[in-house]
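The values are calculated or read from the model by the stated rules, or taken from the named source; none is laboratory data. Please read all numbers here as calculations on a predicted model, not as lab measurements. So basically every Cβ, Gly included, is an ideal-geometry build from the backbone, and we count neighbours across all protein chains shown. These area figures cover heavy atoms from the full protein model, side chains too; ligands, DNA and RNA do not enter into them. Shrake-Rupley method; radii C 1.70, N 1.55, O 1.52, S 1.80 Å.
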Amino acid sequence: MLYIKLKNMLGGFAYLALLMGVAGFPLATYWKLILLFLGIFFILFAQKKWSNKQFIKAVFIFFVTITLKYFVPIHMIEEGGNVFVPESKIFKALPKPVYEYLDKSFRKLYPRHDLLPDNRLYAFSAEQIHEKGTLSRKRESVQFSSIHQLGFGAFNKNNYNTYKKRVPHRNVLPYFLRYEIPAALARNRATKVCWEGDLFYTNKYQNLIFSFAQTQKCLNVQDLYRDRDKTSYVFYGVNIIPKKPLKITIVLPWHQTIAIWIKIILSFMGAIALTRCFFSFESIKESWQIKEKRQKALILIFSVIVSSLVALLYRPDSLFGFILFEGGNDGLTHSTAARVILEALFREDWSSFFQGNESVYMLMPWHRYFYALNLLLFGETHLGYFLVILFFPLVIYRFIAAYFQSKKWAFMLSLIFVVVPIFESFGFAQFYMIRLLMRGFSEPLSYMFFFFSLSFGPYFLRGKEKKNLTTIFIVSLFSCFAVGIRPNVILGVGIYLLWISVLFLQRQQWKSVFILCLGFSPILLIPLHNYYFGNVFVLFAASAGLPENLAVLPGEYKAVFKSFISLSFPKVLLAKIGSHIKNEIPFTRFWLYVPIVFSSWGLFSKRISISTRMLCCVSISQLSVILFYNAGGRYSYIHWICLLLSFLLVIKEKSNRKYIGDR
């Protein structure tokens, strides 16, 4: 589809909202992820039936499913925990045996350490928003054998940003856990606590007993529980000694296990009923007969397979959905800010919510909010971000089909992007995007928004027919998101929006210009934030002016220009600029110069279509970042991908020697 239909967009969002509600928040398990993926698959490939009658049916199904699940008797286990830092007085509120053991062990292992204490006894969890409790979160079941399987989001905070020689290492962070097993489970003979490592359990006399298990040991909770109290059974787990990692499993009675499975079955039944309201299952087979949809479906299938394999090979511990971000990296900083935003939302502290953990944005301004949304919907996992990037290859397909005006080229290059990364030196590879998201970086999401917005360029440039205002708004809004998440794309986005704005003005499409400006206007919230909270004017992020990022100052180019006018030769400045550019595009990677030359030629050639010239202009503009900044590695993927596609497009048009529709 060349443009976006408002009815389809709103219908799709409404269906997904109902589907997520039926699955139940947070969407922190793989079966819920699969349900959501299949829902998006139906939106893309099945015949849709958006009507008031169908929506009434869907809402009825939603409420019936939610009601039935509500009456399924599941007893939630309270879990609370935190990273232990002895300097914090707040941890003295722990039971004396637990605190003394943690304090003594910590000081013996780490006479010097690099941890900063939290301001809460039991850390905030994103899942607390959906199921409020007295500790960190509530769980239907408990089973973990590593810090990764535990999936405790508080570990991903800058308080515990240890790397290189800093201690303790993030993989062996010292932490404690408190569990409260409700009376209904504690009274049942089948309920057991099994563990390895250090445990403090409560005996019948309400005393905490320390027990270390080298191999798995189990206790029957009923033997330790005083039934007359009718309160929860409490025990503590401690992970302090690296060679004795904590492992805990709470064995549940059969009725709790059955109740959990009943809720899952009800969710699947509700999801199927919802989907049948809006889509024809038979139309999936019909879609397979359509070449374009078949190509897209194959690309998506390959994307799921390749992305999953890359994720597991790159970070095997991510199998459990939780990623323990490495220290000294941006991902940990983004996660910290996202958690501050969510905690502010939980407390209804709107000032802290909008401040976003920084008075003046230092790093990517809006990535923290998108990652907070991921945590809000998907709990303490990366599954939401992963799900979105699975569809990156389809965005690439759409982009190539729009500019190359060839489904064959779109299919071929999209397969190369996913399966056969022969252009990986240009960053044109799905496995790069997966690796970046697994480290919590902002590039995949920003670049996806960027290419989606640019994919509508040929549609805007084609003829003088009236343009779909919804499409214009979404394109400018997504361009705004791309810049807000990763401000270095502002040059490419700016040229793109300026180009189509001029065309709209030439055609006197005033409403289109207004909608375009309206969609991009939220970008003003960034400098407004910096001025309101930091009392300084910073356009995007303060890191843009740091010496380690800004290799060549604009004033130095100005000095060179003035020297040339005065017929002098600024040898030192030219050497500095030349050395910087050589580092960004080394001669040993000579193939990078080829797309630069062809894109520069295509920009000024009259034999090239307008849309291709616009893409060449966007690519060259985006490349100009290297004139000032150290923009290697992940920072450079965006301009090299644009230049690669511009180069291939110029070659295609030059070889065909034909005019294309938008010339």
Can you sort E131, E196 by 1.4 Å-probe accessible area, starting with the largest? E131, E196
So how much accessible area does D317 have, in Å² to the nearest 10, using a 1.4 Å probe? 40
Calculated diffusion of segment 1-149, Stokes-Einstein form, Kirkwood radius summed over Cα pairs, 10 °C and 1.306 mPa s, µm²/s: 81
For the chain, give me every cysteine whose Cβ has no other Cys Cβ within less than 4.7 Å, ordered by residue number. C277, C480, C517, C616, C617, C642
Among the GluC sites (Glu not before Pro) in segment 303-406, which ones are in a DSSP loop with at most 11 other Cβ atoms within 10 Å of the Cβ? Mind listing them? E348
Along principal axes, largest first, the alpha-carbon spread of segment 1-64 in whole Å comes out as 35, 26, 16
Given a cut-off of 23 Å, name the pairs among K48/K263; K92/K165; K138/K263; K132/K247 whose C-alpha atoms lie farther apart than that in the structure shown. K48/K263; K92/K165; K132/K247
Quick check: with the 1.4 Å probe, what order do M412, M614 take by accessible area, largest first? M412, M614
Degrees, to the nearest 10: 525-534 long Cα axis against longest axis of the chain: 60
Rg/Rh for segment 275-317 to two decimals, with Rh computed the Kirkwood way over all alpha-carbon pairs. 1.20
Principal axis dimensions, largest first and in whole angstrom, of segment 233-282 by Cα: 57, 27, 15
List the lysines whose Cα sits under 17 Å from the Cα of K244, skipping any in the same chain fewer than 8 residues away. K104, K108, K217
On a 0 to 90 degree scale, rounded to 10, what angle separates helix 254-278 from the longest Cα axis of the chain? 30
Using a 1.4 Å probe on the protein heavy atoms, what percent of the accessible area of the chain belongs to carbon and sulfur? 64
Would you tell me the accessible area of F42, worked out with a 1.4 angstrom probe on the heavy atoms of the protein chains, in Å² to the nearest 10? 40
For Cα Rg over 2.2 N^0.38 Å the list reads [x] 1.54; [y] 1.08; [z] 0.96; the calculated value is entry [y]
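Loop only per DSSP, at most 14 neighbouring Cβ atoms within 10 Å: give me the trypsin sites (Lys or Arg not before Pro) in segment 446-515, ordered by residue number.
When the trypsin sites (Lys or Arg not before Pro) of segment 446-515 are filtered for loop state and at most 14 Cβ neighbours within 10 Å, K464, K466 remain.
With every protein chain kept in place and ligands, DNA and RNA left out, what is the accessible area per residue of the chain? Probe 1.4 Å, answer in Å².
45
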Log entry: pair-distance distribution for segment 68-202, C-alpha pairs binned every 5 Å from zero, whole % per bin is 2, 8, 18, 21, 21, 15, 8, 5, 2, 1, 0
For segment 197-311 the translational diffusion coefficient, Stokes-Einstein from a Kirkwood Rh over Cα pairs at 25 °C and viscosity 0.890 mPa s, in µm²/s, is roughly 123
If R0 is 45 Å, what FRET efficiency do you get for L524 and F212 from their C-beta distance, rounded to 0.05? 0.15
Out of all Cα-Cα pairs in segment 261-404, roughly what percent, to the nearest whole number, are more than 27 Å apart? 44
If I model segment 388-459 as equal point scatterers sitting on the Cα atoms and use the Debye formula, what is log10 I(q)/I(0) at q = 0.13, 0.23 Å⁻¹? -0.35, -1.03
Below 8 Å between Cα atoms, with a sequence gap of 6+, how large is the relative contact order for the chain in percent? 13
Could you give the angle, 0 to 90 degrees to the nearest 10, between helix 367-378's Cα long axis and the longest principal axis of the Cα atoms of the chain? 50
Binned at 5 Å from 0, what are the whole-percent values of the Cα-Cα distance distribution for segment 389-529, short to long? 2, 10, 18, 20, 19, 15, 10, 5, 2, 0
Which one, L436, I495, L208, projects farthest toward the positive side of the charge dipole computed for the chain from Cβ point charges (K/R +1, D/E -1)? I495
Determine the equivalent ellipsoid of segment 44-87 by diagonalising the alpha-carbon gyration tensor, then write out the semi-axes as square roots of 5 times the eigenvalues, largest first, rounded to whole Å. 42, 19, 8
Alpha-carbon centroid distance for the pair segment 549-610 / segment 435-453, whole angstrom: 27
Could you tell me, in Å, what Rg and Dmax come out for the Cα atoms of segment 441-520? 12.2, 41
What is the gain in length, in nm to one decimal, between F537 and R589 on full extension, counting 0.36 nm per residue of separation less the C-alpha to C-alpha distance? 14.8 nm
Per 5 Å bin from zero, what fraction in whole % of the C-alpha pairs of segment 294-341 is there, up to the bin with the longest pair? 4, 18, 16, 18, 15, 14, 9, 5, 1
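What's the long-distance tail for segment 352-397, i.e. % of Cα pairs beyond 14 Å?
Considering segment 352-397, 58 percent of its Cα-Cα pairs are separated by more than 14 Å.
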Over 21 Å apart: what share of the alpha carbon pairs of segment 506-663 falls there, rounded to a whole percent? 64
If r is the Cβ-Cβ distance from Q289 to D317 and R0 is 56 Å, what FRET efficiency results, to the nearest 0.05? 0.85
Shape of segment 276-356 from its Cα gyration tensor (a ≥ b ≥ c, root eigenvalues): rounded if a/c is under 1.5, otherwise prolate when a/b > b/c, or oblate? oblate
Please label the shape of segment 250-310 as rounded, prolate or oblate, based on the square roots a ≥ b ≥ c of the eigenvalues of the alpha-carbon gyration tensor (a/c under 1.5 means rounded; beyond that, a/b larger than b/c means prolate, else oblate). oblate
I want to check the label-to-label distance for R276 and K243. Put each point 7 Å from Cα in the C-beta direction and report it in nm to one decimal. 6.0
L115 - accessible surface, heavy atoms, 1.4 Å probe, Å² rounded to 10: 10
